[in-house]
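The values are calculated or read from the model by the stated rules, or taken from the named source; none is laboratory data. Values in this document were obtained by computation on a predicted structure and should not be read as measured data. Using ideal geometry, Cβ is built from the backbone for each residue, glycine included, and neighbour counts are taken over all protein chains shown. Each accessible area value is taken on the protein alone, full model and side chains, heavy atoms only, with ligands, DNA and RNA left out. Shrake-Rupley method; radii C 1.70, N 1.55, O 1.52, S 1.80 Å.
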Amino acid sequence: MSNDLFSDFQPVSSKQWKQQIQYELKGADYNETLVWESSEGIKVKPFYHKDEDQKNFSNTNSAATFKICQNIFVYDLEKSAERALETLDRGAESIRFTIEDETTDVAKLLTKLPLENITVYFNLLFLSIDFVKKIDAIAKDKSATIFVQIDAVGKLAKEGNWHTNLETDFDSLNTLSIACQNIHFISVDASLYQNAGANAVQQIAYTLAHANEYFNRIATISKPILIQVAVGTNYFFEIAKIRAIRLLFNLLAKEYDHNLDCHILAIPTKRNKTLYDYNVNMLRSTTECMSAILGGADAVANLPYDALYHKDNEFGDRIARNQLLVLKHESYFDKVSNPSDGAYYIESLTDQLAEKALNLFKDIEANGGFITQLIEGTIQRKIQESAAKEQELFDSGKEILLGTNKYPNKNDRMSHDLELFPFVKTKPRKTLVSPIIEKRLAEKMEQERLETEKES
């Protein structure tokens, strides 16, 4: 039996709240004082009320099922396999292998892993039908859940090139869609757009348009599509962004009679991580992981605090994993299925982001589609404009990054030769994202890496 704890109190309408606020402002303008506008053109109010809530979309996300994912770059096969086992023993629940060499013995890599109990992701930097078929055979034999991240459109967006060419790449994907029935192999790397400087509406719209290219060009998609999302520092907006991506994806998928929900793998952004006062990166990635979980990501792979200037190392990876373990097992982020449901602010943001992104998506499709606009350079230009605005806000102090342009450590050499957002500078027109570390820092970074290896 439940009791209504508030039945003794009369409800207060949004109009009454606003009247009281106006009184407290003592003549100051309500809109100018308390309402601010985001870079996406969304006006954020000081309060949100039930009588103004208009939920246009149904939510399907769940925070209770998120998995802690560990990134492993495969260079030495035996060491990578040992490291995977070790991280599983230390709390990881899924493994994401990045492989750049198609001669890698994937069967040997997976031999000792408890494949029946974990999810495995393969981030492939190449497109090989035979290699993916080997993974599919393992998945069938071991009854394993495996996601193979193949993103031909993402390669075009990132590097300006296909694996071979448009026709050949999509022929390969269509072949895989028929031959491989035991793995999930379609992937959308939406983290590119966040790291390059796109605002939240652009990220959602480009993700949707990116996925639409696969729906249009692959005859049969019988497995969930994986969407990799980068999560930024704007806490509530990022929660709403992930929710909006899932909601709009499901609307799009239904148009193609695809009734499977997408699988969202979230990672913290690299865009706001700093070389100086680098321990603050742990605070930033913690709130970003919180946004990912509350937004309903299926898996979260945290970014080590030193990822910008160190190669993979045991200490950084352990700290990153422990951040997620604390959120899951000590902060109980996995105990409520949909914690953001009913939060009028988040619901409002989700609706507004989804509406604006849907309009932008329709505009992209009306002007030739996502691949066409990538080749023409339209997407790159729009993102660069957004990134330049963000950089301007940072330079002027309106966009705050603690320890960098607000309360900087005087002992850190915060020189003008480094921009906060390295992705603003792009390669030639058809390329979306440039390398993170400037060449002038390469020698210093390599020296630090060697010293760390020596100590360990």
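Could you list, in sequence order, the residues of segment 204-250 that are under 25 Å from T145 (Cβ atoms), among the hydroxyl-bearing types (S, T, Y) and open to solvent by less than 20 Å² (accessible area, probe 1.4 Å)?
Within segment 204-250, T207, Y214 meet the criteria.
Tell me which of these G296 doesn't satisfy, since it passes every other one: (1) touching a residue at least 40 places away in the same chain (Cβ under 8 Å); (2) touching a Lys or Arg at 6+ places or on another chain (Cβ under 9 Å); (3) of a type outside the set (S, T, N, Q); (4) open to solvent by 10 Å² or more (accessible area, probe 1.4 Å).
(4)
If only one of E347, E385, E392, E365 is touching a residue at least 60 places away in the same chain (Cβ under 8 Å), closer than 22 Å to E37 by Cα and either assigned to a helix (DSSP H, G or I) or open to solvent by 80 Å² or more (accessible area, probe 1.4 Å) (or both), which one is it?
E347 is the lone residue from the list that is touching a residue at least 60 places away in the same chain (Cβ under 8 Å), closer than 22 Å to E37 by Cα and either assigned to a helix (DSSP H, G or I) or open to solvent by 80 Å² or more (accessible area, probe 1.4 Å) (or both).
Could you list, ordered by first residue, the pairs with Cβ atoms under 8 Å in which the first is in segment 115-129 and among the charged types (D, E, K, R) and the second is assigned to a loop (DSSP other than H, G, I, E, B), at least 6 apart or interchain?
Partner pairs satisfying both residue conditions: E116/S143; E116/A144.
So which residues in segment 251-262 are open to solvent by 30 Å² or more (accessible area, probe 1.4 Å) and either of a type outside the set (D, E) or assigned to a loop (DSSP other than H, G, I, E, B) (or both)?
In the first step, residues of segment 251-262 are kept if they are open to solvent by 30 Å² or more (accessible area, probe 1.4 Å); the result is 251, 254-257, 259-261.
Passing the criteria: L251, K254, Y256, D257, N259, L260, D261.
Might you let me know whether segment 313-322 holds any residue that is buried (at least 24 other Cβ atoms within 10 Å of the Cβ) and under 22 Å from D189 (Cα atoms)? Lay out the reasoning, then the answer.
Filtering segment 313-322 down to residues buried (at least 24 other Cβ atoms within 10 Å of the Cβ) leaves 320.
Filter again for under 22 Å from D189 (Cα atoms), leaving 320.
Yes, the conditions are met somewhere in segment 313-322.
Going by the structure shown, is I146 in a helix (DSSP H, G or I) and hydrophobic (A, V, I, L, M, F, W, C)? Break it down stepwise before answering.
Details: in a helix (DSSP H, G or I): no; hydrophobic (A, V, I, L, M, F, W, C): yes.
Answer is no for this residue.
Which of the following residues is surrounded by 19 or more Cβ atoms within 10 Å (Cβ to Cβ), assigned to a loop (DSSP other than H, G, I, E, B) and of a type in the set (S, T, Y): Y305, Y278?
On the way: Y278 fails: surrounded by 19 or more Cβ atoms within 10 Å (Cβ to Cβ).
Y305 is the lone residue from the list that is surrounded by 19 or more Cβ atoms within 10 Å (Cβ to Cβ), assigned to a loop (DSSP other than H, G, I, E, B) and of a type in the set (S, T, Y).
Is it the case that some residue within segment 99-113 is in contact (Cβ under 8 Å) with a residue 40 or more places away in the chain and either surrounded by 16 or more Cβ atoms within 10 Å (Cβ to Cβ) or closer than 30 Å to I319 by Cβ (or both)?
Of segment 99-113, the ones in contact (Cβ under 8 Å) with a residue 40 or more places away in the chain are none.
No, that holds for no residue.
How many residues does segment 162-183 hold that are in a helix (DSSP H, G or I) and within 19 Å of D141 (Cα to Cα)?
Of the residues in segment 162-183, the ones in a helix (DSSP H, G or I) are 166-179.
Keeping just the survivors that are within 19 Å of D141 (Cα to Cα) gives 176-179.
Looking only at that region, the number is 4.
Can you tell me which residues in segment 12-30 are assigned to a helix (DSSP H, G or I) and polar (S, T, N, Q)?
If the condition is that a residue be assigned to a helix (DSSP H, G or I) and polar (S, T, N, Q), then S14, Q16, Q19, Q20, Q22 are the ones that fit.
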